[in-house]
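Report on the structure given below.
What follows draws every value from the coordinates through simple rules; no lab data is involved. Treat the numbers as computed from the prediction; the structure is a model and nothing was measured. Positions of Cβ are generated from backbone atoms using ideal geometry, with glycine treated the same way; all protein chains shown enter the neighbour counts.
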Amino acid sequence: MRTATAILASAAAAALLAAPAGVVAAPAPKGPPSPLTNPAAIQTLAAGAYVWALAPEFVYRFLNYNALMTAPVNLLAGTGVVAAAWNNLATNAGDASVLYLNSMIDLSGRPVAGTPNGGTTELVLTVPPSARNYYVVNLLDDFINSTGSIGTRTTPSTAPTSYLVVGPTSQYAHKRRVTIKGFTYRVMPTDTNYNWMCIRIRADSLVPASSPASGTCQPE
């Protein structure tokens with residue numbers, strides 16, 4: 001009996017020495033295991049979060065890259081210089097017959113650090129006539145869903161045309177046409193603040209680089 005009592009006393013003393021002062025041992029859990037700690041549930045949740053966030057993460061990353069290498073937010077590159085498939089003013093394409101131009105758009109209304117081009121919830125987009133050259137202006141939201149398409153196939157034109165691209169918090173977001181300072185615009189709404197405008201222009205890979213039909217985009 002003395003031996004058993006001594007062993008129990010020693011075990012109790014060891015437990016007291018091992019536990020920090022004032023710390024009370026957590027009670028044993030009751031009920032079924034929590035699904036929040038179930039490895040299979042965690043894996044399913046993480047996979048869903050990855051799929052949902054992959055597109056916004058890419059747009060945000062590309063927005064920063066484009067601002068560093070090509071043009072600031074809310075602008076197209078090429079002012080005063082020639083945008084070409086072989087320089088950073090355009091984006092390399094899968095073939096030489098298409099010239100890609102990109103503009104990353106912020107319509108949150110918040111100022112964008114390092115550039116005067118933020119702080120707006122709408123932008124005016126003016127495109128050239130589409131009858132003489134084939135092009136597509138594709139507007140994509142933060143989840144890379146197409147929210148608008150302008151160009152030869154969808155909006156054929158023989159004169160320059162202007163559109164109002166508006167974010168979700170713009171006062172014009174739920175209108176189809178608006179007149180601002182005497183100018184009437186067709187409204188192109190998007191449901192996210194960050195957006196990606198990808199322009200594809202047909203180019204002729206069989207002509208000299210100096211030709212307007214080559215893989216270059218001459219500034220207006």
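Figures for the structure shown
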| read-out | value |
| --- | --- |
| Sites His174 and Phe143, calculated FRET efficiency, Cβ-Cβ separation with R0 22 Å, nearest 0.05 | 0.60 |
| Sequence ranges 38-45, 157-164, ranked by mean other-Cβ count within 10 angstrom, highest first | 157-164, 38-45 |
| Gain in span if fully extended, Ala159 to Phe58, counting 0.36 nm per residue against the direct Cα distance | 32.9 nm |
| Whole-number D in µm²/s for the stretch 145-197 (Stokes-Einstein; Kirkwood sum over Cα pairs; 37 °C, 0.692 mPa s) | 269 µm²/s |
| Residues Phe183, Phe143 arranged by fewest to most Cβ contacts within 10 Å | Phe183, Phe143 |
| Per principal axis, descending, Cα span of the stretch 58-217 in whole Å | 47, 35, 28 |
| Share of alpha-carbon pairs per 5 Å distance bin for the stretch 112-173, given as whole % | 4, 15, 21, 21, 19, 12, 6, 1 |
